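Data first, discussion second: the structure below is written as structure tokens.
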Amino acid sequence: MGKGIPAELHFETLNKTLIKMPPAPNLVFTDIFASQQYESDRIRWMMEYGTSGMAPFVAPGAPSPSMGDSGYYAEGAASAAYWKEKVFLDEVLLNNLRDPVNPTQRVTAQRQLAKKEAKLKARNSKRKEWMLAKAFFDNEITYTREGGIKFTVTYGVPDHHKVTLTGNNVWWDDDTGAAGTTADPIKDIYDMKDLAAADGLTISDTFMNSTCLKYLLFNASLQTLLQKSTFGDGDLFARPAQVIGHLLGLGPLTVYDDMFEVAAFATADVAVGAATLTLEETTDFEVGQTIRVYNMATPFDYVEYTSLSVDIAANTITLTTNLTTAVKSGRDRVVMRKKFITDAKVGFFTRQIDGEAIAEFLEAPFGMGRYFGMYADTKDEWDPDGLWIRVQNKGLPVITHPDGIWTLTIK
């Protein structure tokens, strides 16, 4: 580390600061599932389907039978995902941190530093939350491995645990702006509970976002049920998640609206009238989402489009309509903002099967010091003078009981 680096930027101080900083708010899945260290970046785990069963009767004096595996087992294996990001501190900020005379200057610089560290931590934490949410709601995640290869991990959730409503049974039809004529969310939810019960399991948690909750709230069958209940409209709209969760026997109903943002710069010029963008990286972009194309010469100026297809190998996005303004390589930025839980899905899971958590996050070692979990370090820059702060992490969510997860696609 360079001569005279402020104490705030020593490795030990940086990492203690990261630990003490409040975590990014509303990281629901990160809070629910524990993290464990795993000694290799080649992660292997067992997927168990079914419960452990029950010990058999035997005659007194007879030898004990060997325990059979009532469930079915499969093995999962994948290299851990690695993510990192850095921020540059220029010489002005660094010198202000060491100002021996002006305390106001020092405090201002310390605040700037703290803000940058907090943002790095929040962005790093959101990537972990993104992986967990993807594992539970899409049952797979895609990330970049050595050599820029895109790799997808699938988690083995049984197909019959993934129910999709169609036709007039959908809770909401975007084309008509109304629920399907035969939509019956109460029945759909109880069907999901029956699906869990058929495997000898009970749903412990239900997740949806506020838009999906709105579809449920204003459904005629639910309104009729509420009129016959002791809750009443006032209580419903004051505490909708608690009321509906209790009324339908869902256990804790979590309404989760936190979002993530994906952004990348254009790497090729595109003329007006074309419909395909070439970007630095498209792994996290998704089909059917609103895409904003920003002209960074005027950063608040953007045009919205909808993604028709995403090619993660070619790093291209094809839009549903042609561009109305030209896109310039290296200048224009493409952004997608999306909720961790989409408007179209309700997620159900049981936290434990036979006393074992159905999922966990395995932290893999990285760096010459074999670090685990979020880790910060620094590196001097000669021209221009300054210092980089880097925050890294490596790991993978694993689902050891894929049959403890159910999803209902409602539109």
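Spot the failing condition for Ser125; the list is (1) within 28 Å of Ile141 (Cβ to Cβ); (2) part of a loop (DSSP other than H, G, I, E, B); (3) among the hydroxyl-bearing types (Ser, Thr, Tyr), and only one is missed.
Only one criterion in (1) within 28 Å of Ile141 (Cβ to Cβ); (2) part of a loop (DSSP other than H, G, I, E, B); (3) among the hydroxyl-bearing types (Ser, Thr, Tyr) is unmet by Ser125, namely (2).
Counting only residues that are out of contact with any Lys or Arg (no Cβ under 8 Å at 6 or more places or on another chain) and either of a type in the set (A, V, I, L, M) or crowded, with 18+ Cβ neighbours inside 10 Å (or both), how many does the stretch 170-187 have?
Residues meeting the conditions: 7.
For the stretch 35-44, name all the residues that are part of a strand (DSSP E or B), touching a residue at least 40 places away in the same chain (Cβ under 8 Å) and surrounded by fewer than 17 Cβ atoms within 10 Å (Cβ to Cβ).
The answer is Ser35, Gln36, Gln37.
Going by the structure shown, is Val310 out of contact with any helix residue (DSSP H, G or I) (no Cβ under 9 Å at 6 or more places or on another chain), crowded, with 17+ Cβ neighbours inside 10 Å and either among the hydroxyl-bearing types (Ser, Thr, Tyr) or closer than 25 Å to Asn139 by Cβ (or both)?
yes
Considering only residues of the stretch 357-378 that are assigned to a strand (DSSP E or B) and among the aliphatic types (A, V, I, L, M), which is nearest to Phe88 (Cα to Cα)? Explain how you work it out, then say what you get.
The initial filter retains those residues of the stretch 357-378 that are assigned to a strand (DSSP E or B), namely 357, 359-363, 366, 371, 375-378.
Filter again for among the aliphatic types (A, V, I, L, M), leaving 357, 359, 362, 376.
Values: Ala357: 40, Ala359: 36, Leu362: 30, Ala376: 13 Å.
Filtering first and then ranking leaves Ala376.
Considering only the stretch 379-409, state which residues are crowded, with 18+ Cβ neighbours inside 10 Å, of a type outside the set (A, V, I, L, M, F, W, C) and in a strand (DSSP E or B).
Gln392, Asn393, Lys394, Gly395, Pro397, Thr407
Residues that are touching a strand residue (DSSP E or B) at 6+ places or on another chain (Cβ under 9 Å), modelled with pLDDT of 90 or more and among the charged types (D, E, K, R): list the helices (runs of 4 or more DSSP H) wholly contained in the stretch 144-253 that include at least 1 such residues.
So the answer is 185-198.
Condition check: at pLDDT 95 or above and outside the structural domain of Tyr82 (by TED's automatic domain parsing). Does Gly347 satisfy that?
Judged against the criteria, Gly347 is a match.
Select from the stretch 287-345 the residues that are in a loop (DSSP other than H, G, I, E, B) and under 23 Å from the mean Cα position of the chain (by Cα) and list them in ascending order.
Within the stretch 287-345, the subset in a loop (DSSP other than H, G, I, E, B) is 287-289, 296-301, 312-315, 320-326, 328-331, 340-344.
Across the stretch 287-345, the qualifying residues are Val287, Gly288, Gln289, Ile312, Ala313, Asn315, Phe340, Ile341, Thr342, Asp343, Ala344.
Which residue is farthest from Ile32 (Cα to Cα), if the candidates are limited to the stretch 248-281 and must be small (Gly, Ala, Ser) and out of contact with any Leu (no Cβ under 7 Å at 6 or more places or on another chain)? If you could, list the steps in order and put the result at the bottom.
At the first step, the residues of the stretch 248-281 found to be small (Gly, Ala, Ser) are 249, 251, 263-264, 266, 268, 271, 273-275.
Add one more test, that the residue is out of contact with any Leu (no Cβ under 7 Å at 6 or more places or on another chain), and what stays is 249, 251, 263, 268, 271.
Details: Gly249: 20, Gly251: 15, Ala263: 28, Ala268: 42, Ala271: 47 Å.
Only one residue tops the list, namely Ala271.
Being touching a Lys or Arg at 6+ places or on another chain (Cβ under 8 Å), at pLDDT 90 or above, assigned to a loop (DSSP other than H, G, I, E, B) and closer than 30 Å to Asp31 by Cβ is the requirement here; does Asp257 meet it?
Yes.
The values are calculated or read from the model by the stated rules, or taken from the named source; none is laboratory data. Not measured: the values here are computed from a predicted model. Quick reminder, even Gly has a Cβ in these numbers, built from the backbone with ideal geometry, and neighbours come from all protein chains shown.
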